Amino acid sequence: MTYIENIFVCIAAPLLITAVCMGKSHIRFFFFCFAGMGACLLSAYINTFFVAYYDANNFNATVEIAPVVEEIIKLLPLLFYLYIFEPEPEKIKGAVLTVAAGFATFENICYLIQNGAEHLGFLLIRGFGTGAMHIVCGAIIGYGLVYVWQRAWLKVAGTCGLLGAAITYHAVYNMLIAYGGKGQHIAYVLPLLTIAVGITAGKLLAARPK
Amino acid sequence: MVEFVDNIVQFAVTLVAGCLSAVFYCRSRKQPYFLLACLYGCFALAGLYWTLYYLLFSETPQIFYVSETGWISGYVFLYLLQFTLSDKEERAFRCPAMWLSPIVGILLAAYYVTYGDVFATILMNTMMILLSWHSIRGLVYWGGQGGEGRNLRHFHLAVICFVTVEYCLWLSSCFWVSDTLTNPYFWFDFMLMGTVVVLLITVKRAVGM
């Protein structure tokens with residue numbers, strides 16, 4: 001049995017002290033980092049509930065339940081931030097990506113505790129692959145939110161649409177991982193490739209005159 | 001085998017249409033192309049998930065609504081596209097023909113729930129009712145006009161075709177004949193791909209570059 005909440009406390013405590021020491025200017029980063037890790041913790045509980053409710057096996061949980069639950073829970077702290085603080089569009093991207101990074105970090109730590117840390121090569125690939133996948137899902141929502149939250153009528157429907165896109169991307173990744181073998185290798189490369197394409201497209205777009 | 005080919009073609013068509021929409025958006029920076037790219041992106045991802053699941057595990061997803069989420073997101077973006085392409089006067093316009101949309105939608109939903117999942121059916125049919133409500137209104141509003149009005153009429157007509165083929169597709173899935181081309185389900189699925197491509201053409205005509 002993994003005492004996931006104890007792990008959360010152990011990781012959050014030093015970060016919390018650092019946040020206090022570093023002052024107000026950095027508090028936003030730590031807040032979203034905690035939010036990401038908290039979202040990971042909460043989604044673990046909710047995943048377990050749905051697995052029991054649907055009497056699902058490990059495969060169904062990974063491929064069908066986890067992507068939906070994780071992406072919805074990851075969005076909740078962001079919606080809170082957007083509705084309460086009404087931030088500038090530029091601040092939204094940073095917030096989404098920090099939540100995603102916090103989520104991926106906590107997920108990796110839980111994975112290490114459950115599966116051991118003997119194989120550095122595999123863990124390196126997994127760390128980058130899973131991290132990149134969460135960042136891609138965050139980027140889909142983050143960059144989309146910057147666009148849709150500038151237009152009142154786009155807000156709700158646009159957010160739901162972006163959430164759907166992120167869920168499906170996450171589910172495709174998890175499915176390839178669950179299949180194993182070559183599928184697993186493709187899965188680890190896919191998010192890194194998506195990030196590379198995204199960065200290149202962004203640079204090309206920025207270079208074009210408006 | 002036919003189902004696999006059908007899914008692969010569907011994924012390829014939506015992917016190509018999505019890439020084209022993204023290119024059009026990069027060139028023109030016009031919002032409808034962005035929404036269209038999101039629509040095709042969602043359809044492509046949902047199609048990829050469904051196809052991979054079928055290819056790797058020889059069955060379709062049984063427990064949760066992952067592909068459905070992608071498809072519903074696509075419908076949401078199509079709805080937003082309709083909203084973007086309409087003006088205030090069109091949105092305020094009302095005609096009796098619009099009521100055809102909820103009547104047909106609710107009747108069909110009542111039939112579909114006897115075969116499928118209640119929650120997903122209600123969600124999908126609600127989106128179809130909204131889409132057809134807006135497109136019937138647009139079609140009547142722009143009726144008989146030339147120029148821009150004619151282009152928008154074509155777009156609304158394409159959405160009505162899309163909704164009709166979707167309804168027929170779901171209806172045919174209730175009466176599964178076989179895994180061969182004799183099954184009407186595959187005819188409607190290929191027709192659906194056609195309407196998806198027509199959507200891009202009609203939006204390009206209505207919006208320009």
* If you take the charge dipole of segment A:4-207 about its Cα centre, with +1 on Lys and Arg Cβ and -1 on Asp and Glu Cβ, which of A:Val136, A:His170, A:Ile4 is farthest toward its positive end? -> A:Val136
* **chain B - percent relative contact order, Cα under 8 Å, separation 6 or more** => 23
* Structure fact -> Note on segment A:4-207: the mean projected area of its alpha-carbon convex hull, in nm², is 13.0
* To do: Per residue of B:29-40, count partner chain C-beta atoms within 10 Å of its C-beta, then hand back the mean as an integer.
  => 2
* How big is the gap, in Å, between the Cα center of segment B:67-119 and the Cα center of segment A:140-210? -> 26
* When segment B:20-137 is reduced to its Cα atoms, the Kirkwood hydrodynamic radius in Å -> 16.1
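What does the helix-only formula give at 222 nm for chain A: each DSSP H stretch with n ≥ 4 adding -39500 (n - 2.57), the total divided by the residues, and the result rounded to the nearest 500 deg cm²/dmol?
On the way: 7 runs with 175 residues, N = 210.
Result for chain A, helices only: -29500 deg cm²/dmol.
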* Asked: What's the Cα-based Rg to Rh of the protein assembly as shown, Rh via Kirkwood?
  -> 0.98
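Go ahead and estimate [θ] at 222 nm for chain B from helices alone: -39,500 (n - 2.57) per DSSP H run with n ≥ 4, summed, over the residue count, rounded to 500. Could you put the intermediate results ahead of the total?
Numbers: 8 runs with 167 residues, N = 209.
So the calculated ellipticity at 222 nm is -27500 deg cm²/dmol.
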* **Contact order relative to length of segment A:1-105, as percent, for alpha carbon pairs under 8 angstrom and 6 or more apart** => 39
* **Separation in nanometres of the label points that stand 7 Å from Cα toward Cβ, at B:Thr114 and A:Tyr45** => 4.3
* For chain A, with only Lys/Arg (+1) and Asp/Glu (-1) charged at the beta-carbon, what is the dipole magnitude about the Cα centre, in debye rounded to 20? -> 820
* **Relative contact order %, segment A:4-207, counting alpha carbon pairs below 8 Å whose residues are six or more apart** => 23
* To do: Would you order A:Cys40, B:Cys38, A:Cys110, B:Cys19 from fewest to most other beta-carbon atoms within 10 Å of each residue's own beta-carbon?
  => B:Cys19, A:Cys110, A:Cys40, B:Cys38
* Asked: In the structure displayed, which of B:Lys88/B:Lys204; A:Lys93/B:Lys30; A:Lys93/A:Lys155; A:Lys74/A:Lys182 lie more than 19 Å apart, Cα to Cα?
  -> B:Lys88/B:Lys204; A:Lys93/B:Lys30; A:Lys74/A:Lys182
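Determine the shape class of segment A:154-208: with a ≥ b ≥ c the square roots of the Cα gyration tensor eigenvalues, call it rounded for a/c under 1.5, and otherwise prolate if a/b is greater than b/c, oblate otherwise. Mind dumping the intermediate values first?
Numbers: a/c = 6.22, a/b = 1.28, b/c = 4.86.
Here segment A:154-208 falls in the oblate category.
Read-outs throughout are calculated quantities, based only on the coordinates presented, and are distinct from any laboratory measurement. The structure displayed is predicted, hence computed values, not measured ones. We place every Cβ from the backbone using ideal geometry, glycine too, and count neighbours over all the protein chains shown.
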